[in-house]
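Beneath this line is the structure, given in structure tokens, with notes to follow.
Just so you know, all these numbers are worked out from the coordinates, no wet-lab data involved. Only a predicted model underlies this, so the values are computations on that prediction, with no experimental measurement involved. Every residue, glycine among them, receives a Cβ derived from its backbone with ideal geometry; neighbour counts consider all protein chains shown.
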Amino acid sequence: MMIVLDEYTPCPVRVWLLCGEEEIGVATAFFFKNEEQIALVSNWHVFSGRNTYTGQALRPDAALPDKIRFGLHLKNKPGRVLENIVLPLMGSNGESLWFQHKNGQDIDVAILRLPQAPEHVAGQTTEELLIQELPRLSETQNMKVTVGQDVFILGFPKSVSHNKYLPIWKRGSIATEPDLPHDDDPVFLVDTATREGMSGAPVLLRSTGVLITDDGSVGLGTGTYTRFLGVYSGRFGADDELSAQLGRVWHRRVIQEILVDGVPGNYELRKQNT
């Protein structure tokens, strides 16, 4: 039986965060391409291992990630993965190899530039690797984005996956006006019951059969329309199941800004904890 995957299902990358040889966490990342630049994208708090608001280590033992491990799918072989690819997050002198926004850690997005073409990142020569960069060429770029629409967050909640490396499509809805900054940041909120492990996940707007474009026109058909919106970075009320479950989504333009004029990852210790 021929296996057909949604074009976007292989896009997220499940990453294991390592401190030395110890696994200290699991998160989500994805590849992003801007012209000839390709980077692995996740959150600032994922690559740094620190709280964006305080700068303190997220783990009680203060362990910080110095490398990541992940797998890549093989082309034309659904379900098969080249495992145990390892990329460093720190150099030999402890310097960050990943980049953050020039405005600092408040922008909870980070990128790890690939030193060479991703097809060779693991020295793979006998199989072609499936690198599903975002945005996809098939993306519906003029798809209208409005408050109240459904979105999908593709990640690994509570480390749950489909066959270890395929993501869970978690549904949410846009909860704030997407074109207006939230707390002066390039971020909008989504109403969603996500869980840890989804930090760094891509967020997609998707519609089947109906396409509403930026100019307000409506088209009917049998196709599926998808638009990549940004990067998920955690939710309010994560520690209280009765709290408002609102997640943050950073606009995709933040990734391009880091690619163009990002700075090496760093942090500032702060007293506030919001």
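Stretching residue 261 away from residue 95 to a fully extended chain increases their span by 58.0 nm, per 0.36 nm per residue minus the current alpha-carbon distance. Can you find, among 130, 30, 42, the residue farthest towards the positive end of the dipole of the range 12-264? Put +1 on the C-beta of Lys and Arg, -1 on that of Asp and Glu. Result: 130, furthest along the dipole toward the positive end. Full extension of the chain segment joining residue 21 with residue 224 gains 68.8 nm, where the gain is 0.36 nm per residue of separation less the Cα-Cα distance.
Here the gap between residue 59 and residue 84, fully extended at 0.36 nm per residue and compared with their Cα-Cα distance, gives a gain of 6.6 nm. For 207, 92, 199, the sequence from fewest to most other C-beta atoms within 10 Å is 92, 207, 199. If each of residue 103 and residue 213 carries a label point 7 Å out from its Cα toward its Cβ, how far apart are those two points in nm? Simple spin-label model gives 3.1 nm for this pair.
Distance from the alpha carbon centroid of the range 5-84 to that of the range 127-141 works out to 17 angstrom. Dividing the Cα radius of gyration of the range 12-264 by 2.2 N^0.38 Å, with N the residue count, gives 0.99.
Take the Cα of residue 160, step 7 Å toward its Cβ, do the same at residue 36, and the gap between the two points is 4.4 nm.
Note on residue 268/residue 193: beta-carbon distance plugged into 1/(1 + (r/R0)^6) with R0 of 30 Å gives a FRET efficiency of 0.40. Place a label point 7 angstrom from the Cα of residue 3 along the Cα-to-Cβ direction, then list the residues of the range 133-161 whose backbone nitrogen is under 17 Å away. Label zone hits: 161.
Remark: the Cα gyration tensor places the range 137-222 in the oblate category, a/c being 1.5 or greater and a/b not exceeding b/c. Placing +1 on the Cβ of every Lys and Arg and -1 on the Cβ of every Asp and Glu, with nothing else charged, gives the range 12-264 a dipole about its Cα centre of roughly 760 debye. Charge dipole (Cα centre; +1 on Lys/Arg Cβ, -1 on Asp/Glu Cβ; no other charges) of the range 1-155 amounts to roughly 120 debye.
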